1. What FRET efficiency do you get for residue 49 and residue 157 if R0 is 30 Å and r is their Cβ-Cβ distance, rounded to the nearest 0.05?
2. What is the gain in length, in nm to one decimal, between residue 306 and residue 33 on full extension, counting 0.36 nm per residue of separation less the C-alpha to C-alpha distance?
3. Between the range 217-293 and the range 348-375, what is the C-alpha centre distance in whole Å?
4. What percent of all Cα-Cα pairs in the range 220-304 falls in each 5 Å bin, counting up from 0?
5. Based on the mean of other Cβ atoms within 10 Å per residue, sort peptides 237-244, 127-134, 338-345, 309-316 so the most packed one is first.
6. If packing is taken as the average number of other Cβ atoms within 10 Å across a peptide's residues, how do 355-362, 44-51 rank, most packed first?
7. Out of all DSSP beta bridges with both ends in the chain, state the antiparallel percent to the nearest 5.
8. Label residue 59 and residue 188 with points 7 Å out from Cα along Cα→Cβ: what is the distance between them in nm?
């Protein structure tokens, strides 16, 4: 039921669950300097590069620079999942394990819990010789949808109770990072922070964060968690060449100033920046994030193709490297081995400032909504 509710907005033409958007993109003002967000020239993202998700009392989580997005796993509504795909996901996971790229992002609502079950099976049965502490598990609590009754009657206990269910589905003792999926809770930020703190104190998660929060709400959550001695580790928002609002609205700067890791989901715009789709072969209509007609995206793709040839990588790898050059940890979907290999090719090199600027010239500002799609 929860999965159907989440997908209903997407299927009806709404972007990011709340709000109807024009399909005609808006370019950034030509005077905007996107290069101010670029990481220092001395930084080149590598397979062994790690960022730190801050935990309580220094119990931090070290994460690689790519997170594998597991939204599609078990999701029949948008991604038309079939259990026949499991061997392909398992093969992809083996490639990730070999390279030490074992950071997976899922959510309690993805596939109505099925995504978490699949991830738990990968960890328990398809990671031979890999210690649990070398795998980073991140999931999300979606207030009001996952369990409306618990959220209303027990606003502090709701995240705790749902995380207990997550651990049962995954057959794990703990996860590494627990996010609030969106700012749609009827409980106050202080109440949610108290619930997240309870999860940390119980040893059920090592770090906590948010997703789809605005700068203002993110900083309020940071303050609320600080009352419990717990850092806000991360904020995850949609960010790509086709949606640069986290730059223009101050999210990247706020995260950097407060030691909050910024994660970018839909970092290749649900495939629009992968090179797979064209104006003659558009993405499925269900893919609603950054839902621009491919004819508008073609100028960006032309630049990506040129750079992909230069660096001998996939078109998608160029878009992912752009995210990392802006200081983001991109969350990219993975369903088969070839995707994992192509996406990991975004590491080991970096775009020049001139190349980033060329991509920026063809980028879009993106859309936002008050209820969900913030950042």
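No lab work stands behind these numbers, since they all come straight from the coordinates. It should be emphasised that the depicted structure is a prediction, and the values quoted were computed from it without experimental measurement. Ideal geometry is used to build each Cβ from the backbone, glycine not excepted, and the neighbour counts take in all protein chains shown.
1. Result of the calculation: an efficiency of 0.20.
2. 96.0 nm
3. Distance between centres, Cα-based: 10 Å.
4. 3, 13, 21, 17, 13, 11, 9, 7, 4, 2, 0
5. Per-residue mean Cβ counts within 10 Å order the peptides as 237-244, 338-345, 309-316, 127-134.
6. Working: 355-362: 18.4, 44-51: 14.5.
Answer by packing, highest mean first, reads 355-362, 44-51.
7. Of all bridge pairs located within the chain, approximately 15 percent are antiparallel.
8. In this crude label model, residue 59 to residue 188 measures out at 2.7 nm.
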